[in-house]
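Here the structure comes first, spelled out in structure tokens, and everything after it is commentary.
Just so you know, all these numbers are worked out from the coordinates, no wet-lab data involved. For clarity, every value in this text was computed on a predicted model and none was experimentally measured. All Cβ positions, even for glycine, are placed from backbone atoms using ideal geometry, and neighbour counts span all protein chains on display.
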Amino acid sequence: MSTANYVIGVDYGTDSVRSVLVDTANGNEIASSVFLYPRWQKGLYCKPAVNQFRQHPLDYIEGLTHTIKDCLEKAGGAEIAHLVKGISVDTTGSSPVAVDATGTPLALTKDFEENPNAMFVLWKDHTSVKEAAEINEHATKFSTNYLKYVGGIYSSEWFWAKLLHILRIDSTIKKGAASWVEHCDWIPFLLCGGNDIKEMKRSRCAAGHKALWAEEFNGLPPEDFFSSLDPLLAGFREKLFNDTYTSDIAAGTLSEEWATKLGLSKDVIVGVGAFDAHMGAVGGQIEPYYLSKVMGTSTCDILVAPNQDLHGKLINGICGQVNGSVIPGMAGLEAGQSAFGDVYAWFKNLISWPLNHLLAESKVIDDATALALKTELEGKIIAKLSTEAVALPDGDYAELAIDWLNGRRTPDANQELKGAITGLGLGTDAPRFFRALAAATCFGAKAIVDRFKEQGVPVKGIIGIGGVAKKSAYIMQMMADVLEMPIRIHRFEHTCALGAAMFAAVAAGLYPNIEAAMAAMGTGFEKEYKPNIKKQKLYRQHYQQYLGLGRYLEKYNKKDVKPYLS
């Protein structure tokens, strides 16, 4: 009989979910599986033109079932299943949903199946910009600063703004909603067979960074904060929660239904969930004052510091600082960019327009060849642009871009801002345009690092995880040059899922704390990008231009100012 102990980490991303089966002795990946959300792939329930992005809970359930069963089958089936001791989950966030009294998302109940407002409101959904602005103005009326632990600015990407927006636009949701829950809280509840929303264990990570929960407030802000904001919120605070839990705590054990469905034991421990970047920072072996950057469609930047170092210190303009949101017993600080990989994907889609709209109409090649050619070329575009951009001379660098294509997350959240590019000329080609976009995302990263430093929090180095970090040497080298500090790239492919697996091991009692799990299960780093001193002057100059253009755009984004001269 094997004496090995395995755990499963489940990582819900924007486009897909991935599960990894991990050996707790050393962090080795036994098997992994990825599942693309089918409804999301079809663009269902989303309206990008108005920044509406919703996901159906069935995508999550189907992905959870498929990836875990696939991992077990790849690893050996029943012979391996009995070795699994724990499961933990991370998700995007804030991605909340309205649920009934049993904790079931309304989209899984009668009459709500096709209602986008009854589905998960994805992190990148910015339909609640107006509500976020109202929360920020409303907070100034109180003697207690209820925004102090979320950087002083509430975002449309977060819990309360989304709730208020949904209640305002859809009275059927208000009638049917017994509560409002984060994706990272619902999945563990689902796996444990929960049927009473009052018993759901809420994530400290999600509650503190997105829902205004704070130890100083003994929970959420008081009822009058919400009811005086809008009568629609009257009584809703009592439908939520007061207590929160760090991710080293067990949410429960696998229900009989899910144990049977997955082929696992009912004794499998299910850990309390958290957001992807926070667990990813753990999987990436974060250290105090090193900035862990999860670089995917957006970035989420995580820094941890001893609580005593931050006593009385509040960092303005970030996504919050919460005791225990990353590593229990330490302060977790979050920042990030609303668009990162999405910027490159947008440009790829832009220049792929002929492939997507004209190639199928070709009278020269057949449909099968057209599709094969489209797939081949799309797969090469970013790599080729990167190669050509590297070869461009530094002296020919007129283009300058701003990376706010999906608004600005930090520093100083403002989701109404838009991206821009200047310096275009007849000599501007696709590689030059791409270089400007790439530099803009790196300058956005520097603005975050500078904000930490300006407010007394040192940043000793960068840990890069996520798809862009592992796949784009061009972007990573440019970022090292712009930040003027080294970037270590973590070896594990699915780092967020590995972090979830580490927490599963602690929740299951296999390690006494997350630090011990990190030490045993961390797989180290595969590469380090070091800054090129020869690029320092160039990027310092361009960064100042980036800041200046950003200030101009922000000034003229205000509704009462027109961006032209009369």
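Are there any trypsin sites (Lys or Arg not before Pro) in region 342-434 that are in a DSSP loop and have at most 14 other Cβ atoms within 10 Å? List them by number. Mind showing how you got there, number by number?
Working: sites: K348, K363, K374, K380, K384, R408, R409, K418, R432; in loops: K363, R409, K418.
Listed in order of number, the matching sites are K363, K418.
So if each residue of separation counts as 0.36 nm, and I subtract the Cα-Cα distance between D429 and A368, what length gain in nm does that give?
On the way: separation 61, 0.36 × 61 = 21.96 nm, distance 3.03 nm.
Full extension of this stretch gives 18.9 nm more.
Determine the principal axes of the Cα atoms in region 31-112, then give the extent along each, sorted from largest to smallest and rounded to whole angstroms.
Principal-axis extents of the Cα atoms in region 31-112, largest first: 48, 31, 23 Å.
DSSP loop (so not H, G, I, E, B), at most 11 other Cβ within 10 Å: list which trypsin sites (Lys or Arg not before Pro) in region 95-141 pass both filters.
Values: sites: K110, K124, K130, K141; in loops: K110, K124, K141.
For trypsin sites (Lys or Arg not before Pro) across region 95-141 that sit outside H, G, I, E and B with at most 11 neighbouring Cβ atoms in 10 Å, the list reads K110, K141.
Counting only DSSP beta bridges with both residues in the chain, tell me the antiparallel percent, nearest 5.
On the way: 49 of 69 bridges.
Roughly 70 percent of the DSSP beta bridges within the chain come out antiparallel.
Helix-derived [θ] at 222 nm for the chain: sum -39500 (n - 2.57) over DSSP H runs of at least 4, divide by residue count, nearest 500?
Values: 20 runs with 215 residues, N = 566.
So the calculated ellipticity at 222 nm is -11500 deg cm²/dmol.
What length, rounded to one decimal in nm, is gained on full extension from S228 through to D267, with 0.36 nm per residue of separation minus their alpha-carbon distance?
Length difference between fully extended and current span is 9.4 nm.
Check which residues have an amide H placed less than 5 Å from G252's amide H, if you skip close sequence neighbours.
For G252, whose amide H was placed from the backbone, the distant partners under 5 Å are V270.
Would you please state which residues of region 136-174 a label at D111 would reach in this model, taking the label point 7 Å out along Cα→Cβ and a backbone N cut-off of under 20 Å?
Answer for this model: 166-174.
Calculate the spin-label point distance for K175 paired with R551, positioning each point 7 Å from the Cα along the beta-carbon direction, and give it in nanometres.
5.3
Using 1/(1 + (r/R0)^6) with R0 = 35 angstrom and r between the beta carbons of T375 and A49, what's the FRET efficiency to the nearest 0.05?
On the way: r = 26 Å, r/R0 = 0.76.
Plugging the Cβ-Cβ distance into 1/(1 + (r/R0)^6) gives 0.85.
Identify, among A251, T375, Y6, the residue whose Cα sits farthest towards the positive end of the charge dipole of the chain, taking +1 on the Cβ of Lys and Arg and -1 on the Cβ of Asp and Glu, with the dipole about the Cα centre.
Of the listed residues, the answer is T375.
Counting alpha carbon pairs within less than 8 Å and at least 6 residues apart, what relative contact order, in whole percent, applies to the chain?
Relative contact order here is 16 percent.
Normalized C-alpha radius of gyration of region 418-545, against 2.2 N^0.38 Å? Numbers along the way, then the final one.
Numbers: Rg = 18.2 Å, N = 128, 2.2 N^0.38 = 13.9 Å.
Rg over 2.2 N^0.38 Å, computed on Cα atoms: 1.31.
Can you give me the long-range amide H partners of G152? Hydrogens built in the peptide plane at 1.01 Å from N, cutoff under 5 Å, separation of 5 or more residues or another chain.
Hits under the 5 Å cutoff: G317.
Could you tell me the distance between the Cα centroids of region 188-211 and region 227-281, to the nearest Å?
Result: 2 Å between the Cα centres.
Between N5 and E526, take the C-beta separation as r, use R0 = 30 Å, and let me know the FRET efficiency to the nearest 0.05.
Values: r = 26 Å, r/R0 = 0.86.
Taking R0 as 30 Å, the efficiency between N5 and E526 is 0.70.
So which GluC sites (Glu not before Pro) in region 29-114 pass both tests, a DSSP loop state and at most 12 other Cβ atoms within 10 Å of the Cβ? List each step's numbers first, then the result.
Numbers: sites: E29, E62, E73, E79, E113, E114; in loops: E113, E114.
Here the sparse-neighbourhood loop sites are E114.
For region 346-451, what mean projected area does the convex hull of the alpha carbons give, in nm²?
Spelled out: convex hull of the Cα atoms, projected over all directions, averaged, 8.8 nm².
Within region 151-186, find all residues whose amide N lies under 18 Å from a label point positioned 7 Å from the Cα of T144 along Cα-to-beta-carbon.
Flagged as within label range: 151-154, 160.
Restricting to Cα pairs below 8 Å that are 6+ residues apart, what does the relative contact order work out to for region 84-194? Please round to a whole percent. All intermediate terms of the calculation are to be shown ahead of the outcome.
Values: 150 pairs, mean separation 45.4, N = 111.
Averaging sequence separation for qualifying contacts and normalising by length gives 41 percent for region 84-194.
As an exercise, use a Förster radius of 22 Å and the Cβ-Cβ distance of N316 and E287 to find the FRET efficiency, rounded to the nearest 0.05. Could you put the intermediate results ahead of the total?
Values: r = 24 Å, r/R0 = 1.10.
Computed FRET efficiency for N316 and E287: 0.35.
Using the Cα atoms as the points, what is the convex hull volume per residue of the chain in Å³? Please list the in-between numbers first.
On the way: hull volume 96.5 nm³, N = 566.
Cα-based convex hull of the chain, divided per residue, equals 170 Å³.
So, in nm, how far is label S352 from label E454 when the simple model puts each one 7 Å beyond its Cα toward the Cβ?
Label at S352, label at E454, 3.7 nm between them.
Which entries in the list K124/K210; K348/K471; K175/K239; K348/K380; K418/K460; K175/K198 go over 21 Å, if you measure between the two C-alpha atoms of each? Working shown, then result.
Values: K124/K210 13 Å; K348/K471 16 Å; K175/K239 13 Å; K348/K380 10 Å; K418/K460 31 Å; K175/K198 18 Å.
Pairs exceeding 21 Å: K418/K460.
For the chain, give the magnitude of the charge dipole about the Cα centre (Cβ charges: +1 Lys/Arg, -1 Asp/Glu; no others), in debye to the nearest 20.
1380
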